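Here is the structure we will look at, set down as structure tokens.
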Amino acid sequence: MGEVIQMPKRNVQHASTEQLKHEWDLWMDTDEEETEKVSGVEFHYEQIHAELNRRGEGRHCAV
């Protein structure tokens, strides 16, 4: 079976774009894979990436 990802209690769609961009930047500064190990993040980077793309803000998380 694959790796388990801890999902947040709050819906990512209710977060502000600014919050998601800030959290994305925090993820980029770490090698961690688990939300609870990264200080200041509520959402997993995969959720943030998908939501920013949905909002038309994908350029912020483009590699």
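The values are calculated or read from the model by the stated rules, or taken from the named source; none is laboratory data. Because the structure is predicted, anything quoted here is derived from the model rather than measured. Quick reminder, even Gly has a Cβ in these numbers, built from the backbone with ideal geometry, and neighbours come from all protein chains shown. When the accessible area is computed, the model is the full protein with side chains, heavy atoms only, and any ligands, DNA or RNA have been set aside. Shrake-Rupley method; radii C 1.70, N 1.55, O 1.52, S 1.80 Å.
Here are the numbers for the structure shown:
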| read-out | value |
| --- | --- |
| Estimated [θ] at 222 nm from DSSP helical runs (n ≥ 4, -39500 (n - 2.57)) normalised by residues in the chain, nearest 500 | -10500 deg cm²/dmol |
| Average accessible area per residue (Å²) across the chain - probe 1.4 Å, nucleic acids and ligands excluded | 72 |
| Dipole-positive endmost among N11, T35, A62 within the chain (Cβ charges, Cα centre) | N11 |
| Carbon/sulfur fraction of accessible area - segment 10-63, other protein chains in place, 1.4 Å, % | 45 |
| 3J(HN,Hα) from dihedral phi, segment 49-58, Karplus parametrisation 6.51/-1.76/1.60, rounded to Hz, x for glycine, proline | 4, 5, 5, 5, 4, 4, 7, x, 10, x |
| For the chain, fraction of C-alpha pairs farther apart than 18 Å, in % | 30 |
| For segment 21-36, Karplus couplings with θ = phi - 60° (6.51, -1.76, 1.60), whole Hz, Gly/Pro x | 5, 4, 5, 4, 5, 5, 4, 5, 8, 9, 9, 5, 10, 10, 4, 5 |
| Dipole moment magnitude, nearest 20 debye, the chain about Cα centre, only Lys, Arg, Asp, Glu C-beta charged | 400 |
